[in-house]
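Working notes, structure below.
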Amino acid sequence: MEKASVTVYIPTPFRRLAGNQVYVQVQGRTVHEVLENLAQHFPGLGNMIFDHEKRIPAHINVYLNNQEIHTLQGPDTPVREGDEVAVIPAIAGGQVLTPEQVLRYSRHIIMPQVGPIGQRKLLTAKVLVVGAGGLGSPASLYLALAGVGTIGIVDFDVVDLSNLQRQILHQNDDVGRPKTESARETLLAYNPDVNVIIHEGPLTSENAMDIIPHYDVVVNGADNFTTRYLVNDACYLAGKPLVDASILMFDAQMTVFMPGKGCYRCLFPSPPPPGAVPSCAEAGVLGALTGVIGSLQAVETIKLILGIGEPLVGRLLLYDALTGEFRTVKLRRDPKCPLCGDEPTIAELVDYEGFCGAPFPGREG
Amino acid sequence: MKVIVNGQERELEGPMPISQFVATLPVPQRHVAVARNGDVVPRYLWDEVLIQEGDVLEVVRMVGGGAF
């Protein structure tokens with residue numbers, strides 16, 4: 001039997017023992033051999049996953065491609081190239097997930113692409129949602145329902161009556177309240193199992209790099225070009241995937257920007273002058289369209305966290321609600337891009353405030 | 001010659017570079033991205049890439065909104 005190279009997922013409690021890596025590539029023919037080799041590389045971790053008789057202790061659950069190994073052939077289960085092994089210690093309650101979590105997320109866990117390990121990945125993931133508005137509402141809501149453990153919300157605005165045609169995080173009684181506050185209350189009411197961090201105030205060139213690096217994935221629901229370019233640049237500089245979308249009237253565009261594989265500036269190198277492109281306030285937007293696209297952003301975010309399927313990277317999805325057509329076009333990194341090109345001219349965040357004529361991003365949006 | 005622009009048939013005078021085609025649009029050049037037959041054409045190639053009979057073009061307009 002040939003040795004295969006497999007990916008071992010290291011959960012948070014063990015990560016410090018494995019050089020703070022989330023995934024480690026290890027060779028082996030069986031699950032046991034893979035773990036032995038892992039223990040050789042990281043003796044501290046070895047002490048945790050083997051007892052003194054080189055057996056896997058009962059409080060350590062081992063999964064091969066999301067299946068607990070005792071449902072397979074135990075530690076002797078053969079592994080194949082590209083398989084994923086996860087070593088999960090029992091946590092409070094003695095299980096990977098609490099009984100309540102198993103029930104709450106059962107429709108996810110039952111799918112082999114998610115499973116208990118995938119659900120743990122969601123629970124330990126950190127996603128930043130920029131804007132608690134039309135796109136940010138459905139996106140953050142579905143992420144919270146999916147059990148994405150930490151959801152950050154950036155917004156500076158208060159709920160306006162004209163927001164309620166589409167922004168499902170906010171209700172009639174919330175008019176006049178800060179959107180971040182209303183967002184947190186709604187998300188926790190739907191799922192108290194998640195942690196909601198609010199970043200009250202506009203995202204700026206000063207604070208973007210204090211916020212974005214703390215998250216795994218960023219969802220862009222910005223309503224103005226100032227913030228859209230800022231989020232694009234900051235995600236590229238911080239090396240974070242950006243699930244981007246923008247909508248107007250009946251049209252939507254969305255894609256996933258993976259650092260180094262193209263960015264918003266590859267499409268549109270610089271922001272338009274003030275007033276050159278209509279905003280949602282000026283041109284209008286179909287409320288339900290924000291639901292379609294914000295939900296798609298949640299889908300792509302969950303795919304990235306789980307590492308499943310084909311992420312919408314290098315493809316721009318165009319949705320025309322009036323014709324009912326989805327189209328995708330291929331998008332590549334532009335070597336002449338001012339941010340991610342071969343000779344970039346943007347190396348740090350510039351002060352975008354007032355860039356598009358708005359003293360505070362979004363006030364005119 | 002016939003081309004498809006955003007799903008609709010359109011008549012163009014003949015083969016032309018993307019830059020010439022974009023100049024006929026009612027929006028400034030910097031506010032659009034153009035995909036030809038499924039691939040976004042980087043701006044620096046707009047003078048070189050020719051639009052041909054039967055091409056399928058997608059003109060993507062810059063949109064700022066996330067509808068806060």
Hits in the range B:1-40 (condition: at pLDDT 95 or above, surrounded by fewer than 15 Cβ atoms within 10 Å (Cβ to Cβ) and β-branched (V, I, T))
B:I4
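Per-residue answers, yes or no, for (1) in a loop (DSSP other than H, G, I, E, B); (2) out of contact with any helix residue (DSSP H, G or I) (no Cβ under 8 Å at 6 or more places or on another chain):
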position	(1), (2)
A:D51	yes, yes
A:K54	yes, no
A:V62	no, no
A:E81	yes, yes
A:V85	no, no
A:Q101	no, no
A:I117	no, yes
A:K121	no, no
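When you go through A:P75, A:P43, A:P57 one by one, which is the residue that is in contact with a His (Cβ under 7 Å, 6 or more places away or on another chain) and more than 27 Å from A:P192 (Cα to Cα)?
Working: A:P43 fails: in contact with a His (Cβ under 7 Å, 6 or more places away or on another chain); A:P57 fails: in contact with a His (Cβ under 7 Å, 6 or more places away or on another chain).
Selected residue: A:P75, the only one of A:P75, A:P43, A:P57 that is in contact with a His (Cβ under 7 Å, 6 or more places away or on another chain) and more than 27 Å from A:P192 (Cα to Cα).
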Log entry, pairs with first residue in the range B:22-47 being within 7 Å of chain A (Cβ to nearest Cβ) and under 15 Å from A:Q253 (Cβ atoms), second being in a helix (DSSP H, G or I) and of a type outside the set (S, T, N, Q), beta carbons closer than 6 Å, six or more apart or on different chains, reads B:A33/A:L267
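Here's a check for you: in the range A:296-329, which residue that is among the β-branched types (V, I, T) and within 13 Å of chain B (Cβ to nearest Cβ) is farthest from the chain's Cα centre (by Cα)?
Per the stated criteria, the residue is A:T323.
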Any residue in the range A:188-207 that is out of contact with any Ser or Thr (no Cβ under 9 Å at 6 or more places or on another chain), more than 13 Å from chain B (Cβ to nearest Cβ) and under 21 Å from A:C340 (Cβ atoms)?
yes
Residues (in contact with a helix residue (DSSP H, G or I) (Cβ under 6 Å, 6 or more places away or on another chain) and surrounded by fewer than 18 Cβ atoms within 10 Å (Cβ to Cβ)) located in the range A:28-47
A:G44, A:G46
Hey, A:D251 hits all of (1) modelled with pLDDT of 95 or more; (2) under 18 Å from A:V329 (Cβ atoms) but one; which does it fall short on?
(1)
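The values are calculated or read from the model by the stated rules, or taken from the named source; none is laboratory data. Everything numeric here is computed off the predicted structure, so don't read it as measured data. Neighbour counts run over all protein chains shown; Cβ positions are idealised from the backbone, glycine included.
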